[in-house]
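Single-structure report; data block below.
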Amino acid sequence: MSAHGFRLSLLLLLLFACSPSPETSALTVAVPAAAAAVPHAPPPSAECLDKADLADGAGDRTVHRCANCALVMEGDQKFSSTIAEYTFHSCSGTCKSALEANPGGVLARACLHK
């Protein structure tokens, strides 16, 4: 598979894994293994938090893009979490839970992509 094909496949996995459709919104959405966070990561660095904050173009300490989806998907305020004085909007309850369980790992992975 070409590098372009791999990237497209990964993007499609992230899009469909993190965005539950209306008919499956009550179901738990699985995050693909490729999107798994770094296990047992230390707390996120100030640099990484700032980078995530600026992903939407505004340095307002509110991260509007889902950190678990590598800052690609738009988050929703109803799936908000507060980490180190920053508000994070996740795209689903599954992504919110992953962020809260391992914020350092999720943000480390997200910061690698931005």
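Which residue is farthest from residue 50 (Cα to Cα), if the candidates are limited to the range 80-97 and must be out of contact with any Pro (no Cβ under 7 Å at 6 or more places or on another chain) and surrounded by 19 or more Cβ atoms within 10 Å (Cβ to Cβ)? It would help to see each step written out before you state the result.
So in the range 80-97, the residues out of contact with any Pro (no Cβ under 7 Å at 6 or more places or on another chain) come out as 80-82, 85-91, 93-97.
Narrowing the set further to residues that are surrounded by 19 or more Cβ atoms within 10 Å (Cβ to Cβ) leaves 86, 88-91, 94-96.
Details: 86: 9, 88: 12, 89: 15, 90: 17, 91: 20, 94: 23, 95: 20, 96: 19 Å.
That would be 94.
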(Q) So for the range 64-71 (the condition being modelled with pLDDT of 90 or more and either of a type in the set (S, T, N, Q) or exposed (fewer than 13 other Cβ atoms within 10 Å of the Cβ) (or both)), does at least one residue qualify? (A) yes
**Q.** Filtered residues of the range 41-91 (kept if out of contact with any Cys (no Cβ under 6 Å at 6 or more places or on another chain), of a type in the set (S, T, N, Q) and within 10 Å of residue 107 (Cβ to Cβ))
**A.** 45
Q. How many residues are closer than 17 Å to residue 100 by Cβ and in a loop (DSSP other than H, G, I, E, B) if we restrict to the range 47-69?
A. 4
Q.
Given (1) at pLDDT below 90; (2) part of a helix (DSSP H, G or I); (3) surrounded by fewer than 16 Cβ atoms within 10 Å (Cβ to Cβ), identify the lone condition not met by residue 100.
A. (1)
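The values are calculated or read from the model by the stated rules, or taken from the named source; none is laboratory data. All values derive from a computational prediction rather than experimental measurement. Heads up, the Cβs are rebuilt from the backbone with ideal geometry, glycines too, and the neighbour counts pull from every protein chain shown.
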